[in-house]
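Novice: My structure is below; once you've seen it, I'll send some questions.
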Amino acid sequence: MRLIIDGDYPMAHGAFYLDRDLTAPIEEVRLGKNSKRRGFSSGWNDSETLASIPELRKGKIAAALVKVSVCIYRPELHSHGECRNRDIAYSIAQGELEYYRILEATGWSKILTTSRDINSHIKLWEEEDSSELPFGMILGMEGADAIHWPKQVYDWWDKGLRVISLSHYGVSSYSHGTATGTEGGLVGDALELLKEMDDLGMILDVSHTSDKAVWEELDNFEGPILSSHHNCRSLAPGERQIPDGLLREIISRGAVIGSSMDTWMLHPKGVDWNNIPNRREVFPREEITLEHFVDHLDYVCQIAGNSLHAAIGGDTDGQGGRDGAPYEIDTVADYQKVGDILEKRGYKEADIENILYLNWKRFFEKNLPKS
């Protein structure tokens, strides 16, 4: 079984908003029998859950870029969100961060903040039986509404955050994002925030950010860049995907691009991201397969001219779970099938390992602080 690193797992969303016990076996999580659905809830079905820590171990998924994700709701700007202002956004995001910290304190996981952490954690997973090992977590933020003012990013860094994207859906406090068209760029104190991120060594995630805003980020940010969950617009039309010009530019700056398991981002006919319909009104689940997903990995490799920039960025359970995943995916353990498809397409084992885990490992070893 091959090792995997997932470049995008909004894990706290499942626990914080959906009341899922992600330390339980996946069969138990899917029953949802003890969930009262009080407080935060998006109505997603527990039976569609892809991941829990026991299932991640089963699938040999050693680590993931896990997310803190809170957005301010701005209906006039087509954004979705959970709260009305930055005070509340900050407080909710701190709660999500504490969820990851308690998983570490209770032995379920290990927060990876340094290059040394990544190296030793992956070495352990390469050499040991993974059935009892802690799950590795690099902490990221999806949409920066929870950063109250630019210099506050230092507090987030001290608490272990290492990756930030400025936007999510709609317009954030700092940038235009998905579902706003591609005309809007950076807003508010974005340039100051980017400067503080640069000074810290924080990594910039360009996922969920409008084309114009990404170009402006690249003009004003000199630090490391990744794309945690971003598919190719040439294969699946729509503003949520990355166009070739931007893809080439971020590859030239050393980015790793995580391809998403979201079937809306794999649908060859594309989707209007301003008016997202119900999936099953457009296509049956069996119509979008892992072959479509691997097409995007392969496309990144062809653009790059090598296998050093493509990776998995599942958006695991953030894309709706099993119902929003390619047909062959029942749980996150089925991510192992990606390697088999790459092998059938003629990829050498070294290239398969690059895509499944080594690209993320090397990226974080290079771009996280040494100690």
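The values are calculated or read from the model by the stated rules, or taken from the named source; none is laboratory data. Bear in mind the structure is a predicted one, so any value in this text is a computation, not a measurement. Reconstructed Cβ throughout: ideal geometry from the backbone, glycine too, with neighbour counts over all protein chains shown.
Novice: Which members of the range 312-357 meet the condition of being within 19 Å of the chain's Cα centre (by Cα) and over 23 Å from LEU50 (Cα atoms)?
Specialist: Passing the criteria: only ASN354.
Novice: Identify the residue in the range 331-345 that is touching a helix residue (DSSP H, G or I) at 6+ places or on another chain (Cβ under 6 Å) and under 13 Å from LEU56 (Cα atoms) and, among all such residues, is surrounded by the most Cβ atoms within 10 Å (Cβ to Cβ).
Specialist: The extreme case among them is VAL332.
Novice: Let me ask something additional. Looking at the range 67-77, is at least one residue assigned to a loop (DSSP other than H, G, I, E, B) and either out of contact with any strand residue (DSSP E or B) (no Cβ under 9 Å at 6 or more places or on another chain) or of a type in the set (D, E, K, R) (or both)?
Specialist: Of all residues in the range 67-77, those assigned to a loop (DSSP other than H, G, I, E, B) come to 69-71, 73-74.
From what's left, either out of contact with any strand residue (DSSP E or B) (no Cβ under 9 Å at 6 or more places or on another chain) or of a type in the set (D, E, K, R) (or both): 74.
Checked the range 67-77: at least one residue is assigned to a loop (DSSP other than H, G, I, E, B) and either out of contact with any strand residue (DSSP E or B) (no Cβ under 9 Å at 6 or more places or on another chain) or of a type in the set (D, E, K, R) (or both).
Novice: Filter the range 181-219 down to the residues that are closer than 25 Å to VAL271 by Cβ, under 20 Å from the mean Cα position of the chain (by Cα) and not hydrophobic (A, V, I, L, M, F, W, C) and list them by number.
Specialist: Matches in the range 181-219: ASP205, SER207, HIS208, THR209, SER210, ASP211, GLU217.
Novice: On to the next question. Would you please list the contacts, defined by Cβ atoms under 9 Å and residues six or more apart or on different chains, that run from a residue in the range 157-178 that is on the phi > 0 side of the Ramachandran plot to a residue that is outside any loop (DSSP other than H, G, I, E, B) and of a type in the set (Gly, Ala, Ser)?
Specialist: GLY170/GLY177
Novice: So, of the residues in the range 257-279 that are in contact with a strand residue (DSSP E or B) (Cβ under 9 Å, 6 or more places away or on another chain) and outside any loop (DSSP other than H, G, I, E, B), which turns out to be farthest from TYR357 (Cα to Cα)?
Specialist: MET265
Novice: Return yes or no: is LEU18 among the hydrophobic types (A, V, I, L, M, F, W, C) and at pLDDT 95 or above? Walk me through how you get there before you give the answer.
Specialist: On the way: among the hydrophobic types (A, V, I, L, M, F, W, C): yes; at pLDDT 95 or above: no.
So LEU18 fails the test.
Novice: Just the residues that are polar (S, T, N, Q), without any contact (Cβ under 8 Å) to a residue 60 or more places away in the chain and under 21 Å from ASP315 (Cβ atoms), please, taken from the range 66-113.
Specialist: Of everything in the range 66-113, just one residue is polar (S, T, N, Q), without any contact (Cβ under 8 Å) to a residue 60 or more places away in the chain and under 21 Å from ASP315 (Cβ atoms), namely SER109.
Novice: Here's a follow-up. Could you tell me how many of the residues in the range 264-307 are closer than 28 Å to THR180 by Cβ, among the β-branched types (Val, Ile, Thr) and more than 19 Å from the chain's Cα centre (by Cα)?
Specialist: The qualifying residues number 5.
Novice: ALA24: closer than 28 Å to ARG162 by Cβ, assigned to a helix (DSSP H, G or I) and either modelled with pLDDT under 95 or of a type in the set (A, V, I, L, M) (or both), yes or no?
Specialist: Details: closer than 28 Å to ARG162 by Cβ: yes; assigned to a helix (DSSP H, G or I): no; either modelled with pLDDT under 95 or of a type in the set (A, V, I, L, M) (or both): yes.
It is false that ALA24 is closer than 28 Å to ARG162 by Cβ, assigned to a helix (DSSP H, G or I) and either modelled with pLDDT under 95 or of a type in the set (A, V, I, L, M) (or both).
Novice: Another question, then. Of everything in the range 254-288, what is among the basic types (Lys, Arg) and surrounded by 14 or more Cβ atoms within 10 Å (Cβ to Cβ)? Give them in sequence order. Full working, then the answer.
Specialist: If we filter the range 254-288 for residues that are among the basic types (Lys, Arg), which is where we start, we get 269, 279-280, 285.
Across the range 254-288, the qualifying residues are ARG279, ARG285.
Novice: Taking helices (runs of 4 or more DSSP H) that fall entirely within the range 280-371, which contain at least 3 residues that are modelled with pLDDT of 95 or more and over 25 Å from GLY270 (Cα atoms)? So that I can check it myself, show each step before the final result.
Specialist: Values: elements: 290-304, 336-344, 349-353, 359-367.
In the range 280-371, the matching helices (runs of 4 or more DSSP H) lie at 336-344, 349-353, 359-367.
Novice: Let me ask something else. Given (1) surrounded by fewer than 24 Cβ atoms within 10 Å (Cβ to Cβ); (2) farther than 24 Å from GLU104 by Cα; (3) in contact (Cβ under 8 Å) with a residue 24 or more places away in the chain, where does LEU194 come up short, assuming only one miss?
Specialist: Of everything listed in (1) surrounded by fewer than 24 Cβ atoms within 10 Å (Cβ to Cβ); (2) farther than 24 Å from GLU104 by Cα; (3) in contact (Cβ under 8 Å) with a residue 24 or more places away in the chain, LEU194 misses just condition (1).
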